[in-house]
Amino acid sequence: MRLALFDLDNTLLGGDSDHAWGDYLCARGILDGVAYKARNDAFYQDYLAGQLDITDYLNFSLEILGRSEMAQLEQWHREFMRDCVEPIILSKGEALLAEHRAAGDKLLVITATNRFVTAPIVARLGVDTLLATECEMHNGRYTGRTTDVPCFREGKVTRLNRWLQETGFNLDDSCFYSDSMNDLPLLEQVTRPVAVDPDANLRDEAQKRGWPVISLR
């Protein structure tokens, strides 16, 4: 069975779920709409520029999980899905997933965004397997810290290789769809790398290497 790997944010979604989650919490008055939003925006610009300090960002973004009850977080996430995620689910992205599903491929979403934010989104897209940045839990609630290797840049390769060893899948005739130059380490590992609505750096790299460039917008 061939593997079809997908980035999530700005690939299958017409936006960034991690950044949108912070904006949602600010808009609801749950987090400071000025100070938090400014830092969230700055981290996002660092990400786009390929300069994100993933540890600093995770310490910042996961703190809200550590100080909130699970029931409250789940309620917020349901509203976030309805108000922020549904409008940016790309119909062409869903069609691409359906095409690979019909071909009998194994679908896997691999994303730097944390599992709390992304698991319901990936379930909504009908994909069973998710590799994401993990949120530490203790006694049934989040601690506000991350655990395991962040699923970011080279960390995506590390996490995927471990999953391959655990499951027996391999990257023979595999494909990976991504928008971001941050995913270059993983794009280089698969048989068929595909740039999706890519950032300027990935677009240049894809053209240089002869990789397909597509749009799902």
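The values are calculated or read from the model by the stated rules, or taken from the named source; none is laboratory data. Predicted model only: the values in this text are computed from it and were never measured. Positions of Cβ are generated from backbone atoms using ideal geometry, with glycine treated the same way; all protein chains shown enter the neighbour counts. Surface areas here come from the heavy atoms of the whole protein model, side chains and all, with no ligands, DNA or RNA. Shrake-Rupley method; radii C 1.70, N 1.55, O 1.52, S 1.80 Å.
Kindly check whether there is at least one residue in segment 147-163 that is surrounded by fewer than 18 Cβ atoms within 10 Å (Cβ to Cβ), assigned to a loop (DSSP other than H, G, I, E, B), on the phi > 0 side of the Ramachandran plot and in contact (Cβ under 8 Å) with a residue 40 or more places away in the chain.
no
Confirm whether ASN114 is surrounded by fewer than 15 Cβ atoms within 10 Å (Cβ to Cβ), within 19 Å of the chain's Cα centre (by Cα) and among the polar types (S, T, N, Q).
no
Can you find even one residue in segment 125-145 that is touching a residue at least 60 places away in the same chain (Cβ under 8 Å) and within 15 Å of LEU12 (Cβ to Cβ)?
yes
Picking from GLY33, GLY66, GLY50, which residue would you name as being surrounded by fewer than 19 Cβ atoms within 10 Å (Cβ to Cβ) and at positive phi?
Exactly one of GLY33, GLY66, GLY50 is surrounded by fewer than 19 Cβ atoms within 10 Å (Cβ to Cβ) and at positive phi, namely GLY50.
Every residue, every condition in (1) within 18 Å of LEU130 (Cβ to Cβ); (2) part of a loop (DSSP other than H, G, I, E, B); (3) open to solvent by 20 Å² or more (accessible area, probe 1.4 Å), yes or no:
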| site | (1), (2), (3) |
| --- | --- |
| THR11 | yes, yes, no |
| ASP41 | no, no, yes |
| TYR44 | no, no, yes |
| GLU79 | no, no, yes |
| GLU86 | no, no, yes |
| HIS100 | yes, no, no |
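In the list ASP7, ASP46, ASP32, which residue meets the criterion of being touching a residue at least 12 places away in the same chain (Cβ under 8 Å) and either charged (D, E, K, R) or out of contact with any Leu (no Cβ under 9 Å at 6 or more places or on another chain) (or both)?
ASP7
In segment 132-153, how many residues are under 14 Å from the mean Cα position of the chain (by Cα) and over 19 Å from HIS77 (Cα atoms)?
4
Which of the numbered conditions does PRO198 fail, given that it passes all the others? Conditions: (1) assigned to a loop (DSSP other than H, G, I, E, B); (2) more than 18 Å from TYR47 (Cβ to Cβ).
Looking at each condition in turn, PRO198 falls short on (2).
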